[in-house]
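Reviewing the structure listed below.
Throughout, read-outs are computed from the coordinates displayed, never taken from laboratory work. Small disclaimer: the values here were computed from a predicted structure and weren't measured. No Cβ is skipped: glycine too gets one built from the backbone with ideal geometry, and neighbour counts run over all protein chains shown.
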Amino acid sequence: MLRAAALSALSLFATVRAATAPSSDAASAAPKESWAIATRTNEHRTFIYRYIDDLGPKAGERASQRERVTLRWHYDADANNGMPGDADKAGMDELEDLLDPVVERDGFSNLALVTTGEGDRVWIWYARSGADFRERMARAMRGHGPYPVEVDVASDPGWTAYEDVVVGLRR
């Protein structure tokens, strides 16, 4: 059971490494935020956390991103030891790849935290406006999907949900 979770974590790590690996583009020479990955295990299952470790040059955007947008994708936790199966993982990756360039454009939002485990993948973005995030999300997803996600928007000007998780992970 833990072996499967560890393999899923390594697969996720490889995806993150590939997505953040430097390319030869001049545009990619600009500094970017840095990400970290952590795992935690309860009595039965492993959880994987991918989070911004350092916003880098995006730190100035944080003050204007006062609304937390949470996307939740439920999947069968029993099929793969609490981790998503291949079809769900492919859909999750596709959704994130569709959303990132549209919702993060112009410093509008930042993906801060992604949690996977026990039948849920949860993405937490911080945005200037939850309503505008939903509009951008609908535009990005047009002609794709459907994706089985629930969306919740809440005021969180201090990025409290993110800070609480990251502080706990760093202990």
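Among H74, H44, what is the fewest-to-most ranking by other Cβ atoms within 10 Å?
Exposure proxy ranking, most exposed first: H44, H74.
D76 versus R170, label points 7 Å from Cα toward the beta carbon: distance in nm?
It works out to 4.0 nm between the two label points.
Would you list D100, D86, D54 from fewest to most Cβ contacts within 10 Å?
D86, D54, D100
Beyond 21 Å, how much of the Cα-Cα pair distribution for region 90-165 remains, as a whole percent?
25 percent
Please give the length that would be gained between W35 and D86 if that part of the chain were fully extended, namely 0.36 nm times their separation in residues minus their C-alpha to C-alpha distance (nm, one decimal).
Gain in length upon complete extension: 16.0 nm.
If you bin every alpha carbon distance in region 18-171 into 5 Å steps from zero, what whole percent lands in each bin?
Pairs per bin, as whole percents: 2, 8, 17, 21, 21, 17, 10, 3, 0, 0.
Report, in cubic angstrom per residue, the convex hull volume of the C-alpha atoms of region 30-98.
Per-residue hull volume (Cα only) is 131 Å³.
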